[in-house]
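**Student:** Would you mind keeping the following structure in view while I ask a few things?
Every number in this text was worked out from the coordinates using simple rules, so none of it is lab data. Predicted model, so just to flag it, every value in this text is computed and none were measured. Cβ sites come from the backbone with ideal geometry, for glycine too, and all protein chains shown count toward neighbours.
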Amino acid sequence: MDATSADRDGPDGAESREMSGGASRQHIVWRNVLLMGLLHAGALYSVFLVPSAHPFTWMWSYICFMITGLGVTAGAHRLWSHRSYKAKLPLRIFLAAANSMAFQNDIFEWSRDHRAHHKYSETDADPHNARRGFFFSHVGWLFVPKHKDVIEKGKRLDMSDLLADPVVAFQRKYYKISVVMMCFFLPTLVPWYFWGESLWNSYFLSTILRYTIALNLTWLVNSAAHMYGNRPYNKNINPRENRFVTFGAIGEGFHNFHHTFPFDYAASEFGFRYNPTTCFIDLMCWFGLASNRKRATPEMIMARKLRTGDGSA
């Protein structure tokens, strides 16, 4: 999530470090620090509201969480960043709306940063370079201006496919209002209107708690899944297979596989197993709303395991 990217991408922010007495000093984007602190404090408070909320509010919050997740995993990640399958207009509109509910930057910027993350993984051009530590790769990268390499090399990436997609262009143009409607208004108003939940409970549970949990689960793909787990496909890269992240991030924790075969729509060797996002894409194909799912063949996977795997699978 990078809700305040303007503070990090500006001309002054491009220089993320300054030298002082031979040491590197990091500029802090205090606005982001404050906003994230308030958000997480609100999420902690939300936990104490759970017993007083209507059970339908719990269910609605979970539904919103799943929609939020799909906007990132099936949308910005597997569809728009990697083009691992094709989606018809109605599905692209749904995923764009779900992505606005996720509030982790618009599709264009999310995909550009993610393509940079793959092309320049674990270097200064990687927006959340895991070699700078767990905290930086999890959330700290939002608290400092982007490294100049992220900006300069990100500009060289071919993003013409996204610029040509009218759904991506529309969401980017109206991103702020779409976030207000999808991330804040809709999750809050539905419980209040349909079953009489208080606006207070609705806001803190369906919006603040849901949003904070979704953010952290997404961030765990950048942090934990780059540090903890096995590497059965490529032991020469940092990304790992992490079962906890797989469960929480609805199928995105098979990260050693994903960085080895980024074109694979399932982001996993195991298809739909432990992978709700893959199940969703398969369901959309069954409905005729998605097609052209790309897969690494079993022979390709086995050959890669034998050549560069760590022998753990």
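**Student:** At 0.36 nm per residue, and after removing the present C-alpha to C-alpha distance, how many nm does the segment from residue 34 to residue 89 gain when stretched out fully? Please list the in-between numbers first.
**Tutor:** Details: separation 55, 0.36 × 55 = 19.80 nm, distance 3.82 nm.
Here the segment from residue 34 to residue 89 would lengthen by 16.0 nm.
**Student:** Where the centroid of each part is defined by its Cα atoms, how far is the stretch 225-289 from the stretch 125-155 in Å?
**Tutor:** Here the answer is 23 Å between Cα centres.
**Student:** For 117, 27, which order do you get if you count the other beta carbons within 10 Å of each Cβ and list the fewest first?
**Tutor:** 27, 117
**Student:** Sort 233, 45 by Cβ crowding within 10 Å, fewest neighbours at the top.
**Tutor:** If I rank by nearby Cβ atoms, fewest first, I get 45, 233.
**Student:** Do you know the relative contact order of the chain, to the nearest whole percent, from alpha carbon pairs under 8 angstrom that are 6+ apart?
**Tutor:** 22
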